[in-house]
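Report on the following structure.
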Amino acid sequence: MIKYANDTTKQQVYDMWKTVFGDSDDYMKIYFREKYRNENTLIYFEGNKAAASLQMLPYQFTFCGTEIPILYYSGVCTLPKARKKGYMDKLLMASFEHAQKNDVSLMLLVPQEPWLLKFYDKYGFAQTFDAGTEELPSLKKLIDDYPNNLHAAWREFNTWFRWKDMTVQKSFDDFRAIVEEAKLFDFPPKKNLIGMSRVINVEKLLSLFANRYEQKTFSVVVQDELLKENNASFTINGGKAERNGTPAETLFHVNIRKLTQLLFGYYTSENESPLRTVFPEKTPQMHFMME
């Protein structure tokens, strides 16, 4: 049985996190104060005991020059004795329904182990973020530059990323939590993270793409084996995306993973023409997430 967490079951989520990830009490105190919310937490129960859970943290994301709400998976875990029973499969499908009900078109995650790239691929996720090779700007220096003025530090932090496309954005509250976590570990150097994305609402994201690139005209037939409402033909023309409209001369057939990478501009220049010209190449960034 799947339920949202409440104040009674929150402790079970905490205990499960501690069992599976083994994080320090100091870190967990920050996380569960700043990021955890009952209404964003799904739990799979065996009887009255939590066996698996995941959290869906809300962020803003710059997509085609427009900020949209997204959900970021956190604390995705199953107790050792409850694994290989399909509980996480059910939780992930329930999380897609949660996103749809809350008008969220995109979900992101950071796979903590390489094998998880293949696991999440089964659920329509595609890699859209690469690990960084260069260190990100120093949070320690930023905080030192603005002693006793965290809002001023956030405003400068904001200028680093706010105008970059395909980038996870951070509110002041997000920034405060990031800084508190960094202090806990003496401000370790950070790089961009490997990340994956899952399109929940194809029509919405194609509409945003069409509005950003009004001069582009093409049709795309999308295959999504899990979210059947995404299975359709879409024609992009004149700044709009029309569902099951008259096909354009340029026509593509793609699965949901390929479409995600194309929309993100993830190595699109390596595709054959005309895909490489229809979808501009970009540099998606996943940075400074509470890991």
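The values are calculated or read from the model by the stated rules, or taken from the named source; none is laboratory data. This structure is a prediction, so every number in the text was calculated from the model and none was measured. Note that we place each Cβ from the backbone using ideal geometry, even for glycine, and neighbour counts take in every protein chain shown. Heads up: the accessible areas ignore ligands, DNA and RNA and are worked out on the full protein's heavy atoms, side chains in. Shrake-Rupley method; radii C 1.70, N 1.55, O 1.52, S 1.80 Å.
Of ALA152, ALA126, ALA51, which is the most mobile in a GNM of the chain whose springs link Cα atoms less than 10 angstrom apart? Its mean-square fluctuation being the largest, the pick is ALA152.
A DSSP coil position with no more than 11 other Cβ atoms inside 10 Å describes the following trypsin sites (Lys or Arg not before Pro) in segment 114-169: LYS122. Farthest toward the positive end of the dipole of the chain, out of PHE45, ASN231, GLN285, is the Cα of PHE45, where the dipole comes from beta carbon charges about the Cα centre. Relative contact order for segment 173-291: 25 percent, from Cα pairs under 8 Å spaced at least 6 residues apart, divided by residue count. Among the listed pairs LYS122/LYS228; LYS3/LYS81; LYS10/LYS90; LYS35/LYS118; LYS49/LYS85; LYS35/LYS140, those whose Cα-Cα separation exceeds 25 Å are LYS35/LYS118. For a test of the definition: using alpha carbon positions, the gyration tensor, and the 1.5 limit on a/c, classify segment 1-47 as rounded, prolate or oblate. Oblate is the answer for segment 1-47, as a/c is 1.5 or above yet b/c matches or exceeds a/b. Evaluating 6.51 cos²θ - 1.76 cosθ + 1.60 at θ = phi - 60° for every residue in segment 145-152, the Karplus couplings come out as 6, 10, x, 6, 9, 5, 5, 5 Hz, glycine and proline recorded as x. Here the translational diffusion coefficient of segment 104-186 follows from Stokes-Einstein with Rh set to the Kirkwood radius across Cα pairs; for 37 °C and 0.692 mPa s it amounts to 216 µm²/s.
Residues whose amide H lies under 5 Å from that of THR128, counting only those 5 or more places away or on a different chain, are GLY195, MET196, SER197; hydrogens are built 1.01 Å from N in the peptide plane. How big is the gap, in Å, between the Cα center of segment 206-268 and the Cα center of segment 184-202? About 26 Å separates the Cα centre of segment 206-268 from the one of segment 184-202. Can you pull the percent of the chain's accessible area that's carbon plus sulfur, 1.4 Å probe, other chains left in place? Carbon and sulfur atoms account for 49 percent of the accessible area of the chain. Listed values for segment 96-101 are Karplus-derived 3J(HN,Hα) couplings in whole Hz (6.51 cos²θ - 1.76 cosθ + 1.60, θ = phi - 60°), namely 5, 5, 4, 4, 4, 5, and x replaces Gly and Pro. Amide H contacts of LYS190 (H built 1.01 Å from N, in plane; Pro and chain starts excluded): LEU136 sit under 5 Å, all sequence-distant by 5 or more or on other chains.
With a ≥ b ≥ c the root eigenvalues of the C-alpha gyration tensor of segment 179-291, is it rounded (a/c under 1.5), prolate (a/b larger than b/c) or oblate? The partial results should precede the final answer.
Values: a/c = 2.65, a/b = 2.14, b/c = 1.24.
Here segment 179-291 falls in the prolate category.
The HN-Hα couplings worked out from phi for segment 49-58 by the Karplus form 6.51 cos²θ - 1.76 cosθ + 1.60 (θ = phi - 60°) are 10, 5, 10, 7, 7, 8, 10, 10, 8, x Hz, whole numbers, x standing for Gly and Pro. The chymotrypsin sites (Phe, Trp or Tyr not before Pro) of segment 173-225 that meet both conditions, a loop assignment by DSSP and at most 12 other Cβ atoms within 10 Å of the site Cβ, are PHE185.
Determine the shape class of the chain: with a ≥ b ≥ c the square roots of the Cα gyration tensor eigenvalues, call it rounded for a/c under 1.5, and otherwise prolate if a/b is greater than b/c, oblate otherwise.
Oblate shape, in that a/c is at least 1.5 and b/c is the bigger or equal ratio.
Taking each DSSP H run with n ≥ 4 as -39500 (n - 2.57) and averaging over every residue of the chain yields -10000 deg cm²/dmol at 222 nm.
If I take every Cα pair under 8 Å that is 6 or more residues apart in the chain, average their sequence separation and divide by the length, what percent do I get for the relative contact order?
18 percent
Using Cα springs under 10 Å in a Gaussian network model of the chain, which residue among GLN127, GLN223, GLN112 shows the largest mean-square fluctuation? Of GLN127, GLN223, GLN112, the most mobile in the Gaussian network model is GLN112.
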